[in-house]
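Novice: Right, I'll just put the structure down here and ask away after.
The values are calculated or read from the model by the stated rules, or taken from the named source; none is laboratory data. It should be emphasised that the depicted structure is a prediction, and the values quoted were computed from it without experimental measurement. Virtual Cβ from ideal backbone geometry, glycine too; neighbours counted across all protein chains shown.
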Amino acid sequence: FVNSAMLLGVGATGYLFFSLYRESHPAPQIPQSKTFANGSPRKTLVILGSGWGSVSLLKNLDTSKYNVVVVSPRNFFLYTPLLPSAPVGTVELKSIVEPIRAIGRRSKGEVIYHEGEASDVDTVNKVIKVKSSMNGAPHEFDVKYDYLVVGVGAQPNTFGTPGVYEHASFLKEISDAQEIRRKVMTTVSSAASLDPSDPERKRLLSFIVVGGGPTGVEFAAELQDFVDQDLSKWMPTISKEIKVTLVEASPNILGMFDKSLIQYTNDLFKKEKIEVKLKTAVKEVKETTVTTKCGDVVEETPYGILVWATGNAPRDVSLKLMSKLEEQNSRRGLLIDDKLRLLGGNGSIYSIGDCTFHAGLFPTAQVAFQEGVYLGEVFNKIHKIDQLKWELSNTQDKSSQEKIQAKIDIMNSKIDDFKYHHLGALAYIGSEKAIADIAMGESRYNLSGSFTFLFWRYAYLSMCISARNKVLVALDWIKVSIFGRNSSV
Ligand code: FAD
Ligand code: NAI
């Protein structure tokens, strides 16, 4: 057993070093060009976004078959599953991001990246308007496409609740994690300078998380861990006064999980002294108080920090696309068919991830990732079809034309519908415990506790997008277990 374990360890370490070497020494790339060697045109594939869907597509696409252009305001990929750990320093911010240029550089064909936001899509002339900045001044330019993949994700949903944008923090981007980290440290310091009997001190030490979905639950858990495991050592009095409250409008937190796992989380939160307010909707956020409604009872609760995690809403560019295309009649997201083609997009626009709305597909990284893998394979097939079409247009002979057309039909029939394979869901719930709903074929398994936490760590580490991320995240966890969290800004 010892020999096998050692062999496995050596093998895994060797593979990790090999992956790190390969990442930092990418092979030369095939440059972009107007045509292929046979004279056929090389088509331009524009990918909007640098998130789960887009990066998964980029990694599975043969980029030498297209002129690939990525447009995104974020010049890195963000590993969102570990984002709730970042504000309190369980992982470092840099450990969960990977530059998009580095990802593009590792692919076979050259990938051009434009840092900017797609503001509009002209579906008739196949042009994207990109808003960017040059030397600090706004700068706009056009990008032409033959094929377009919209993977712009979603923005936080406020349901029009007054005061959210002005006073709350979101947990969606790396800048949000930075902001929360800064707020936690300054709020705790301000509270420490006040007399314990001062009501302002109590207000500052009231941390409210709105939304009992996985984002809210995982963040509340991380926050309480930080208070119990780290702050309690440096500021024992203050740490005992901090109150973390999770506010959820529906009768349950973590609606997507099995009842037994919800109960387990509720029990653990009770033990950890995280207050869970169910059937309580936030109606307004003011500078220092939040208004909640539970049944007919309206309450005003003072807070020091408020984190808003109530799910997704479409981005402006998605809304613009929806308003342009008659077929787009849902306000929840871009409508796509079973091959991920945008309805009304004339077969040249595809859409993946959180910006879409499709029955049975949830806005998760798991879905976006699988859609990216699928689309990578589809575009490799589309390239072959386009080559055949070019051949067809250059062939005069009738029987040759028929043969080529038959090949095109076969290739088209090989493009299957997208099928999502749900592998399960995992969530960290604090005190080194996690819950898991594992799907294996038709069977579902519900796991919870410390062993599940180890499984959670293993799964989240192995899903990191690069070997560099894996190493950095693992080192962060080791550092935290030895020295505690470093949440200084
Ligand atoms: P995103 O990953 O959000 O990427 C969208 C990209 O588009 C970004 O690069 C953005 O900058 C870019 N963009 C935005 N606007 C424009 C524009 N106008 N033009 C061009 N580009 C634009 N899911 C799980 O399955 N498991 C988890 O554990 C998990 N944990 C999560 C934790 C948190 C805190 C959050 C917020 C989400 C979590 N999710 C998880 C959900 C998961 O992150 C999303 O479902 C996933 O990111 C969706 O991928 P996407 O590519 O559609 O969008
Ligand atoms: P969510 O949509 O899953 O949950 C938001 C919650 O906020 C809902 O329970 C809703 O009832 C509540 N809410 C809405 N308005 C409210 C109000 N005014 N007051 C109080 N509560 C209110 O959103 P979340 O957690 O941001 O997740 C977004 C997506 O990302 C989901 O699909 C989720 O599955 C995925 N995700 C998955 C994770 C995981 O698998 N571990 C971790 C984080 C996100």
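Novice: Return yes or no: is Asn312 in contact with a Gly (Cβ under 9 Å, 6 or more places away or on another chain), surrounded by fewer than 22 Cβ atoms within 10 Å (Cβ to Cβ) and more than 28 Å from Trp52 (Cβ to Cβ)?
Specialist: Considered against the rule, which asks whether it is in contact with a Gly (Cβ under 9 Å, 6 or more places away or on another chain), surrounded by fewer than 22 Cβ atoms within 10 Å (Cβ to Cβ) and more than 28 Å from Trp52 (Cβ to Cβ), Asn312 comes out as no.
Novice: Which of the residues belonging to segment 439-453 are modelled with pLDDT under 95, within 16 Å of ligand 2 (Cβ to nearest atom) and hydrophobic (A, V, I, L, M, F, W, C)?
Specialist: If the condition is that a residue be modelled with pLDDT under 95, within 16 Å of ligand 2 (Cβ to nearest atom) and hydrophobic (A, V, I, L, M, F, W, C), then Ala439 is the only one that fits.
Residue-wise test of (1) touching a residue at least 60 places away in the same chain (Cβ under 8 Å); (2) more than 19 Å from Gly51 (Cα to Cα).
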site: Lys94; (1), (2): yes, no
site: Val97; (1), (2): yes, no
site: Arg101; (1), (2): no, no
site: Glu115; (1), (2): no, no
site: Ser119; (1), (2): yes, no
site: Thr123; (1), (2): yes, yes
site: Lys131; (1), (2): no, no
site: His139; (1), (2): no, yes
site: Tyr145; (1), (2): yes, yes
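Novice: Which numbered condition in (1) closer than 30 Å to Phe36 by Cβ; (2) surrounded by fewer than 17 Cβ atoms within 10 Å (Cβ to Cβ) is the only one that Ile385 fails?
Specialist: Every listed condition holds for Ile385 apart from (2).
Novice: Taking into account only those residues within segment 343-366 that are outside any loop (DSSP other than H, G, I, E, B) and touching a strand residue (DSSP E or B) at 6+ places or on another chain (Cβ under 7 Å), which is nearest to ligand 2 (Cβ to nearest atom)? Walk me through how you get there before you give the answer.
Specialist: Of the residues in segment 343-366, the ones outside any loop (DSSP other than H, G, I, E, B) are 349-351, 353-358, 361, 365-366.
The next check asks that each one be touching a strand residue (DSSP E or B) at 6+ places or on another chain (Cβ under 7 Å); those that pass are 349-351, 354-358.
Values: Ile349: 24, Tyr350: 21, Ser351: 17, Asp354: 8, Cys355: 13, Thr356: 12, Phe357: 12, His358: 13 Å.
Filtering segment 343-366 for residues that are outside any loop (DSSP other than H, G, I, E, B) and touching a strand residue (DSSP E or B) at 6+ places or on another chain (Cβ under 7 Å), the one nearest to ligand 2 (Cβ to nearest atom) comes out as Asp354.
Novice: Only one of Val70, Val46 is closer than 27 Å to Val367 by Cβ and in contact with a helix residue (DSSP H, G or I) (Cβ under 8 Å, 6 or more places away or on another chain). Can you tell me which?
Specialist: Working: Val46 fails: in contact with a helix residue (DSSP H, G or I) (Cβ under 8 Å, 6 or more places away or on another chain).
One residue alone meets the criteria, Val70.
Novice: Within segment 66-114, restricting attention to residues that are within 26 Å of Ile128 (Cα to Cα) and of a type in the set (Phe, Trp, Tyr), which residue is farthest from the chain's Cα centre (by Cα)? Even if it seems obvious, please write down each step before you answer.
Specialist: Taking segment 66-114 and keeping what is within 26 Å of Ile128 (Cα to Cα), we get 66-78, 98-114.
Of the ones still in play, those that are also of a type in the set (Phe, Trp, Tyr) are 66, 76-77, 113.
Values: Tyr66: 26, Phe76: 12, Phe77: 9, Tyr113: 19 Å.
Per the stated criteria, the residue is Tyr66.
Novice: Can you name the residue in segment 242-266 that is among the hydrophobic types (A, V, I, L, M, F, W, C) and more than 11 Å from ligand 2 (Cβ to nearest atom) and, of all such residues, is farthest from Gly212 (Cα to Cα)?
Specialist: Residue satisfying both the conditions and the ranking: Ile242.
Novice: On to the next question. Please state which one of Glu140, Glu117, Glu110, Glu179 is surrounded by fewer than 15 Cβ atoms within 10 Å (Cβ to Cβ) and acidic (Asp, Glu).
Specialist: Glu140
Novice: Separate question: For residues that are assigned to a loop (DSSP other than H, G, I, E, B) and closer than 30 Å to Glu377 by Cα, scanning just segment 146-205, find the one that is nearest to ligand 2 (Cβ to nearest atom).
Specialist: Here the residue is Lys172.
Novice: List the helices (runs of 4 or more DSSP H) that sit entirely inside segment 211-302 and contain at least 1 residues that are touching a helix residue (DSSP H, G or I) at 6+ places or on another chain (Cβ under 7 Å), within 16 Å of ligand 1 (Cβ to nearest atom) and acidic (Asp, Glu).
Specialist: It comes to 214-226.
Novice: Name the pairs whose Cβ atoms lie under 7 Å apart, with the first residue in segment 159-170 and within 16 Å of Thr288 (Cα to Cα), the second in a loop (DSSP other than H, G, I, E, B) and at pLDDT 95 or above, and 6 or more positions between them or separate chains?
Specialist: Here the result reads Gly163/Lys286; Val164/Thr158; Tyr165/Thr158; His167/Lys286; His167/Glu287, each pair linking segment 159-170 to a residue that is in a loop (DSSP other than H, G, I, E, B) and at pLDDT 95 or above.
Novice: Here is a list: Lys414, Lys403. Which entry is surrounded by fewer than 17 Cβ atoms within 10 Å (Cβ to Cβ) and touching a helix residue (DSSP H, G or I) at 6+ places or on another chain (Cβ under 9 Å)?
Specialist: Lys414
Novice: If Trp456 meets every condition in (1) at pLDDT 95 or above; (2) over 30 Å from Ser24 (Cα atoms) apart from one, which number is that one?
Specialist: It fails just one condition, (2).
Novice: When you look at Ile429, is it outside any helix (DSSP H, G or I), surrounded by 13 or more Cβ atoms within 10 Å (Cβ to Cβ), modelled with pLDDT under 95 and under 20 Å from the mean Cα position of the chain (by Cα), yes or no?
Specialist: no
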